[in-house]
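**Student:** Supplied in structure tokens, the structure appears directly below.
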Amino acid sequence: QMQLVASGGGSVQAEESLRLSCSFSQYFISWSCVGWFRQVPGKERQGVAVYGADGRSSYAESVEGRFTISFDNYENTLYLQMNSLKPEDTAMYYCAADGWVGSCHQLHRTGDWGQGTQVTVSS
């Protein structure tokens, strides 16, 4: 399983923005979906957004309209642009490219996780 490392997190105030990045191996040339998840201590991971090779993107209702997922095929880098951040967005964010359960647009996967990046939003 590829070991993915998310980066770009930090501490910001509500209504500010952050852009997370996740670099894939330059040898990663075939994929079905890539996505972002987040987790708060004591709770299970929650799907945030996915970008499919089918050209479709899906978002959790809680981030719809505020977050944008994108993938740069040339740089093999996944991004998550987070605007209008809210305190409830505070979590450890992880990227993923495999382990999808059914359609990845259901925002659910199983398997191991790489290194996440912490996002903290204060009011």
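**Student:** Which condition does Gln13 not pass, out of (1) in contact with a strand residue (DSSP E or B) (Cβ under 6 Å, 6 or more places away or on another chain); (2) modelled with pLDDT under 95; (3) surrounded by fewer than 15 Cβ atoms within 10 Å (Cβ to Cβ), if it passes all the others?
**Tutor:** With respect to (1) in contact with a strand residue (DSSP E or B) (Cβ under 6 Å, 6 or more places away or on another chain); (2) modelled with pLDDT under 95; (3) surrounded by fewer than 15 Cβ atoms within 10 Å (Cβ to Cβ), Gln13 is out only on (2).
**Student:** Residues that are free of Cβ contacts under 8 Å to residues at least 40 places away in the same chain: which strands (runs of 3 or more DSSP E) entirely in the range 1-82 hold 1 or more of them?
**Tutor:** Filter on the range 1-82 gives 46-52, 57-59, 67-72.
**Student:** A further question on this structure: Within the range 16-41, can you find the residues that are modelled with pLDDT of 95 or more and open to solvent by 70 Å² or more (accessible area, probe 1.4 Å)?
**Tutor:** Matches in the range 16-41: Glu16, Arg19.
**Student:** Quickly run through the range 98-123 and pick out the residues that are assigned to a strand (DSSP E or B), farther than 12 Å from Gly35 by Cβ and modelled with pLDDT under 95.
**Tutor:** Taking the range 98-123 as the starting set, the residues that turn out to be assigned to a strand (DSSP E or B) are 100, 109, 115, 117-122.
Narrowing the set further to residues that are farther than 12 Å from Gly35 by Cβ leaves 115, 117-122.
Gln115 - this is the single residue of the range 98-123 that is assigned to a strand (DSSP E or B), farther than 12 Å from Gly35 by Cβ and modelled with pLDDT under 95.
**Student:** Can you list residue pairs whose Cβ atoms sit under 7 Å apart, with the first residue in the range 105-118 being in contact (Cβ under 8 Å) with a residue 40 or more places away in the chain and the second being open to solvent by 50 Å² or more (accessible area, probe 1.4 Å) and among the hydroxyl-bearing types (Ser, Thr, Tyr)? Count only pairs 6 or more apart in sequence or on different chains.
**Tutor:** The qualifying pairs are Thr117/Ser7.
**Student:** Output the residues belonging to the range 83-97 that are in a loop (DSSP other than H, G, I, E, B) and either aromatic (Phe, Trp, Tyr) or open to solvent by 50 Å² or more (accessible area, probe 1.4 Å) (or both). Working first, answer last.
**Tutor:** Applying the first criterion (in a loop (DSSP other than H, G, I, E, B)) to the range 83-97 yields 83-86, 90, 97.
Passing the criteria: Asn83, Lys86.
**Student:** Now, a different point. Can you pull out the residues in the range 106-123 that are open to solvent by less than 50 Å² (accessible area, probe 1.4 Å) and either among the aromatic types (Phe, Trp, Tyr) or in contact with a Cys (Cβ under 8 Å, 6 or more places away or on another chain) (or both)?
**Tutor:** Gly114
**Student:** I want to confirm something. Restricting to the range 71-82 and keeping residues that are of a type in the set (S, T, N, Q) and open to solvent by 50 Å² or more (accessible area, probe 1.4 Å), which single residue is farthest from Leu4 (Cα to Cα)?
**Tutor:** It comes out as Gln81.
The values are calculated or read from the model by the stated rules, or taken from the named source; none is laboratory data. In this text the structure is predicted, and so the values were computed from the model without any measurement. Note: ideal-geometry Cβ built from the backbone for every residue, glycine included; neighbour counts use all protein chains shown. Calculation scope for accessible area: heavy atoms of the full protein, side chains included, ligands and nucleic acids excluded. Shrake-Rupley method; radii C 1.70, N 1.55, O 1.52, S 1.80 Å.
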